[in-house]
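Written out below as structure tokens is the structure these notes cover.
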Amino acid sequence: MVMIRLPRRVARCTWCVGTLLLICALAGCGNRTPRLSPLSADAAILAYGDSLTFGTGAQPEASYPAVLEKLVGRKVWSAGVPGELSTAGLARLPSALEYYQPKLLILCHGGNDLLRKSGEDQAAQNLRAMIRLAKQSGADVVLVGVPKPGLFPSPPDFYANIAKEFGLPYEDAALKAILRDNELKSDLVHPNAKGYAKLAQAVAALLKSSGAV
């Protein structure tokens, strides 16, 4: 067996590179938020979804789109329909895009598909179709993962997969944390005013880290 001695300087550099790679892995280097086009002061944002976007469980002024509008200084239109399945959301989206003409779509949909166990594959396909429609209209998209009901609510994997597939900024932690905290919920699946404020803050932080605002 032949031992190869590296010069001390080379060995030191090799150790440094290895250490740097380890630090990057632990710190999540390369896991940066995808960039979005900066929104002008008069740009419209469309919050699109079901009862979570509508604000069920709180007054209209406490819904997450209403709070988000104050946080980001841009007009945020709310287009949430309580009880809506993603198939209906997909059918409704073209007219909403035409009416509001948003520069950014915040997509928070699929929760009723999960609640009614109508099929995760279908929900994922509908979300993909919605994203394509938004992008074809010229709007950027931000995706919000909706937790699957259970003892420890958490978004199904297809949300993260879709975000990665389309290169979207993705918020997956806020609703999960809110729906695990009774002080932030109005019922088993809806936040209260405090919970919606937490969601709005998380989305605002994501918009800032993506460069949108």
>> Can you tell me, using C-alpha contacts under 8 Å and at least 6 residues apart, the relative contact order of the stretch 135-213 as a whole percent?
In response: 24
> Ranked highest first by average number of other Cβ atoms within 10 Å, how do 93-102, 35-44 line up?
Replying inline: 93-102, 35-44
> Within the chain, which DSSP H helices have Cα atoms that stretch 27 Å or more along the helix axis and a mean Kyte-Doolittle hydropathy of at least -0.5?
Replying inline: 8-27
> With Cβ to Cβ distances under 10 Å as the rule, what net charge do the other residues near residue 145 carry (K, R +1; D, E -1)?
Replying inline: -1
> What whole-number value in cubic angstrom gives the convex hull volume per residue for the C-alpha atoms of the stretch 76-213?
Replying inline: 104
>> Which one, 200, 57, 82, projects farthest toward the positive side of the charge dipole computed for the chain from Cβ point charges (K/R +1, D/E -1)?
In response: 200
> In percent, how large is the relative contact order of the stretch 75-174, given Cα pairs closer than 8 Å and 6 or more residues apart?
Replying inline: 26
> Order of 141-151, 75-85 by packing, highest average Cβ count within 10 Å first?
Replying inline: 141-151, 75-85
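Which peptide among 156-167, 188-199 comes first, and what is the full order, when sorted by highest mean count of other Cβ atoms within 10 Å? Don't skip to the answer; put the middle values down first.
On the way: 156-167: 16.0, 188-199: 20.5.
Per-residue mean Cβ counts within 10 Å order the peptides as 188-199, 156-167.
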>> Pairs of alpha-carbon atoms within less than 8 angstrom and 6+ residues apart define the contacts here; what relative contact order does the stretch 44-210 have, in percent?
In response: 25
> For residue 33, what charge total do you get from the other residues with a beta carbon under 14 Å from its beta carbon, if Lys and Arg give +1 and Asp and Glu give -1?
Replying inline: +1
>> Give me the one-decimal nm value for the distance between modelled label points at residue 209 and residue 120, 7 Å along each residue's Cα-to-Cβ direction.
In response: 2.4
> Could you state the number of Å between the C-alpha centres of the stretch 167-213 and the stretch 64-97?
Replying inline: 15
> Dipole size in debye (nearest 20) for the stretch 44-210 around its Cα centre, Lys and Arg Cβ +1, Asp and Glu Cβ -1?
Replying inline: 260
> Once the dipole of the stretch 44-210 is set up with Lys and Arg at +1 and Asp and Glu at -1 on Cβ about the Cα centre, which of 97, 150, 177 lies farthest towards its positive end?
Replying inline: 97
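For the pairs 135/194; 70/117; 103/198, flag any whose C-alpha to C-alpha distance is greater than 28 Å.
135/194; 70/117
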> Rg(Cα) of the stretch 94-146 divided by 2.2 N^0.38 Å?
Replying inline: 1.18
>> Take residue 188 and residue 41, extend 7 Å from each Cα along the Cα→Cβ direction, and tell me the distance between the two endpoints in nm.
In response: 4.8
> For the chain, what is the calculated [θ] at 222 nm in deg cm²/dmol (nearest 500), taking -39500 (n - 2.57) for each run of four or more DSSP H residues and dividing by its residue count?
Replying inline: -15000 deg cm²/dmol
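None of the figures in this text is laboratory data; all of them are computed from the coordinates on show. Computed from a predicted structure; not experimentally measured. Glycine also receives a Cβ, built like all others from the backbone with ideal geometry; neighbour counts cover every protein chain displayed.
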